[in-house]
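This report refers to the structure that appears directly beneath it.
None of the figures in this text is laboratory data; all of them are computed from the coordinates on show. Please read all numbers here as calculations on a predicted model, not as lab measurements. Here the Cβ is made from the backbone with ideal geometry for all residues, glycine too, and neighbour counts use every protein chain on show.
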Amino acid sequence: MRNRFIGLLAIILGLIIIAFPMLGIISTSALFGLSTLLISIIVIMIGVSIMDYNKFGAILDYFLGIVMLIISLIIIFNPHYFAFLAAIMLYLAGIFIMIIGLVTLINNRHARYGFYIGVAGIVLGIIYIIIGTYVSDPYVLGILIGIWLLITGILKLIDG
């Protein structure tokens, strides 16, 4: 039941992230902040769902989710910090996605599609950094995060 809820939540949040860049109504700092906020929610929810059988992995997820939550709230509510973090934010978001993928690989070895969710996180984190380095369009990066959330949600639903 938890996997289905997390899967549906990831799909919904992924669609929200994909929709916002196409609407073009929010600023770059809010887009990055919102993307990081939604990812932190998913990571914390995953930590809650695996606490019963993987305490170390849940603690990793909690820690990573809380760090991402703090960073996202700082960026959303204080745009001056975005100027400070703008240069490293691109790499930070890609690194967060790769770390989440690695933690997923470690935590979900028993799950049927856990390996693929982890690999998708690592690959999309690398693609995020590469595209972000050469493409200055934040909407493309937001869509990449949405794609990662969709893949994660679909594989969690399939895993049941």
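Where does helix 2-23 land angle-wise versus the long Cα axis of the chain, in degrees 0 to 90, nearest 10? Helix 2-23 sits at roughly 20 degrees to that axis. Relative to the longest principal axis of the Cα atoms of the chain, the long axis of helix 28-50 makes an angle of roughly 10 degrees. Entry note, the chain: the mean residue ellipticity at 222 nm calculated from DSSP H runs of n ≥ 4, each adding -39500 (n - 2.57), is -31000 deg cm²/dmol after division by the residues and rounding to the nearest 500.
Provide Rg over Rh for the chain; use the alpha carbon set for both Rg and the Kirkwood Rh (inverse mean inverse pair distance).
With Rg and the Kirkwood Rh in hand, the quotient comes to 0.96.
Beta carbons within 10 angstrom, averaged per residue: use that to sort the peptides 33-39, 62-68, 48-54, highest first. Let's see the in-between values first.
Working: 33-39: 24.0, 62-68: 18.0, 48-54: 15.0.
Those peptides, ordered most packed to least, come out 33-39, 62-68, 48-54.
Note on Asp52 and Ile158: the model spin-label points, each 7 Å out from Cα along the C-beta direction, lie 2.4 nm apart. The long axis of helix 79-107 is offset from the longest Cα principal axis of the chain by roughly 20 degrees.
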